[in-house]
Amino acid sequence: MNQKNKDRLEQILIKLVKEKKPANVQQLVDLTRLETTFISEQKIMQHILRLQNQGKLKLKEPSIRPPLKFSTYLKTREATWYWIIIILATAAALTVFIFQENTPPLIYIRYMLGAIFVVFLPGYSLIKALFPEKELDNIERAALSIGISLAIVPITGLILNYTPWGIRTVPITLSLLALTTILATAAIMRKYQKTTRNILNEK
């Protein structure tokens, strides 16, 4: 961490202690993570302990516990990809019901979001669930996402073919939306568990 970031972190910590009055170190760390998603919990903890040793902060000793609650983790920068997937999938599904075939140029928005929705999002969500860490580079992840999406969509249609709803636009759209949401949620939960486990192992 460079000196500029250290000074900024120190100002944030002192400000939070004065304004929020956290009861212990863990509460201060959680509050700081919401303010500075670019700094890891370990770095924040080290900085807090250093300020305590210098007498600038007075808090209870830190306890060993997960860095953030899952609900708080969803608000950090690490979870941005999850919200992008949910927003894109929801927006694509809504365009199916809102934009009709005879409404140019709005129909092109439907086509663009629909292509992303069908060809990329289901596979990407599954890849994120299978590989929550950075085992794959961006090119590999993108290629696998497209390939798996092209496999998932026909399977979804095949399953719907044996249901009362059949292979129609609305059932397929809702099925893919539900599938993408479930896979993305499973992925973010696995990522949270991995992050928590890594921190506990380091401690």
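Miscellaneous remarks
- Placing unit charges on the Cβ atoms only, positive for Lys and Arg and negative for Asp and Glu, gives the chain a dipole magnitude near 1000 debye about its Cα centre.
- Rounded to 10°, Cα long-axis angle of helix 3-20 versus longest principal axis of the chain: 90
- Phi to ³J(HN,Hα) by Karplus 6.51 cos²θ - 1.76 cosθ + 1.60 over region 172-186, Hz, x for Gly, Pro: 5, 4, 5, 5, 5, 4, 5, 5, 5, 5, 5, 5, 5, 5, 4
- Cβ-to-Cβ counts within 10 Å put Ser125, Ser71 in ascending order as Ser71, Ser125, the fewest first.
- Along its three principal directions, the equivalent ellipsoid of region 77-199 from the Cα gyration tensor extends over semi-axes of 28, 16, 13 Å, largest first.
- Chain lengthening between Gln3 and Ala186 when straightened (0.36 nm per residue, less Cα-Cα): 62.1 nm
- Near the amide H of Leu136, within less than 5 Å, lie no amide hydrogens of residues on another chain or at least 5 residues away, with H placed in the peptide plane.
- Vicinal HN-Hα couplings computed from phi for region 113-122 (Karplus, 6.51 cos²θ - 1.76 cosθ + 1.60; Hz; Gly/Pro x): 5, x, 5, 5, 4, 8, 8, 10, 4, x
- Qualifying trypsin sites (Lys or Arg not before Pro) for region 90-191 [loop in DSSP, other Cβ within 10 Å: at most 11]: Lys134, Arg168
- Karplus (6.51, -1.76, 1.60) ³J(HN,Hα), θ = phi - 60°, over region 131-141, in Hz, Gly and Pro reported as x: 10, x, 8, 8, 6, 10, 7, 4, 5, 4, 5
- Against the chain, whose longest principal axis comes from its Cα atoms, helix 25-35 is set at around 50 degrees.
- Computed from label points 7 Å out along Cα-Cβ, the spacing between Gln46 and Leu74 is 3.2 nm.
Values in this text are rule-based calculations from the coordinates and carry no lab data. Computed from a prediction, not measured in an experiment: that's the story for all the values here. Every residue, glycine as well, gets a Cβ built from its backbone with ideal geometry; the counts of neighbours run over all protein chains shown.
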